[in-house]
Amino acid sequence: SQTIHQWPATLVQPVGSPLSLECTVEGTSNPNLYWYRQAAGRGLQLLFYSVGIGQISSEVPQNLSASRPQDRQFILSSKKLLLSDSGFYLCAWSVQSYNEQFFGPGTRLTVL
Amino acid sequence: RKEVEQDPGPFNVPEGATVAFNCTYSNSASQSFFWYRQDCRKEPKLLMSVYSSGNEDGRFTAQLNRASQYISLLIRDSKLSDSATYLCVVNKGTGNQFYFGTGTSLTVIP
């Protein structure tokens with residue numbers, strides 16, 4: 001069966017510090033991978049998606065970036081965090097573009 | 001107009017009640033439709049896909065109306081454990097993006 005891991009679960013970072021969130025998927029090959037952010041009381045906002053190694057599409061301009069160094073690894077990064085980067089970050093995977101997505105447990109980021 | 005719109009609720013219903021949620025979408029090219037549930041401070045979890053002919057999974061029934069561009073979720077015999085936020089999800093029609101509704105909050109009361 002497929003599983004998706006995210007870490008850390010919770011993170012508190014000062015403004016201006018760097019960020020690295022990692023997501024890995026097990027039990028499947030060549031998945032589509034996604035990063036979402038959910039601000040408090042709001043819907044999910046797609047940040048990045050990837051259909052293969054090294055292929056990243058960005059949905060919104062921001063100070064975040066994503067990378068996919070391996071088939072089942074997706075990393076979300078920032079060089080300098082802003083207060084507005086606080087939120088619940090969710091990684092998800094799907095088999096193909098139109099298929100249902102499965103989410104990891106998420107990382108709750110607070111920027112102070 | 002938002003790509004996906006849901007009534008945020010909250011819906012407060014007694015145990016055993018039947019409750020229905022609707023969700024409208026704006027992109028007529030959308031091809032995939034889902035309902036997810038999200039518990040407080042947890043990740044969304046797939047509840048069910050929505051097929052053109054309608055589909056049922058136990059107490060849950062999902063329907064799609066392409067002409068009017070809405071999907072619905074019916075929950076029969078509500079349980080306390082059904083309390084959650086229900087998210088309507090629609091694919092963009094092209095590419096890999098999905099639109100997520102902001103969710104409908106359901107509380108089932110003893």
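We did not get these values from a lab; they are worked out from the coordinates using the rules stated. None of these values were measured; they are calculated from a predicted model. Cβ placement follows ideal geometry from the backbone for every residue including glycine, while neighbour counts extend to all protein chains displayed.
Kindly give Rg over Rh for chain A, based on alpha-carbon atoms, with the Kirkwood expression for the hydrodynamic radius.
0.95
Is there a quick way to get the dipole size of the protein assembly as shown? I mean about its Cα centre, with the Cβ of Lys and Arg at +1 and of Asp and Glu at -1; what is the value in debye to the nearest 20?
Rounded to the nearest 20 debye, it is 420 debye.
Over all Cα pairs of the protein assembly as shown, how is the pair count split among 10 Å bins, expressed in % and running from 0 up to the last occupied bin?
8, 33, 34, 20, 5, 0
From the C-alpha gyration tensor of the range A:69-112, pull out the three semi-axes of the equivalent ellipsoid (sqrt of 5λ each), sorted largest to smallest, in whole Å. Don't jump to the answer; show the numbers that get you there.
Details: eigenvalues 122, 35, 14 Å².
Each semi-axis is the square root of five times an eigenvalue, giving 25, 13, 8 Å.
How far, in nm, would the chain grow between A:Arg42 and A:Leu82 when pulled straight, counting 0.36 nm per residue and subtracting the alpha carbon separation?
Answer, rounded to one decimal: 12.6 nm.
Between B:Thr107 and B:Ala67, what's the calculated FRET efficiency when r is the beta-carbon distance and R0 is 45 Å? Round to 0.05.
Details: r = 32 Å, r/R0 = 0.72.
It comes to 0.90.
Using bins 10 angstrom wide from zero, how does P(r) for the range B:8-110 break down, in % of all Cα pairs?
Per 10 Å bin, starting at zero, the Cα-Cα P(r) for the range B:8-110 comes out as 16, 49, 29, 6, 0 percent.
Just grab the label-to-label distance for B:Lys42 and A:Ser65, each label 7 Å out from Cα along the Cβ direction, in nm (one decimal).
Reported label-point gap for B:Lys42 and A:Ser65 is 3.6 nm.
Any idea what the relative contact order of the range B:42-110 is, in percent, if you count C-alpha pairs under 8 Å spaced at least 6 apart?
Result for the range B:42-110 is 22 percent.
Name every cysteine in chain B that ends up alone, with no second cysteine's Cβ under 4.7 Å, or say none.
Among the cysteines of chain B, those whose Cβ sits 4.7 Å or more from every other are B:Cys40.
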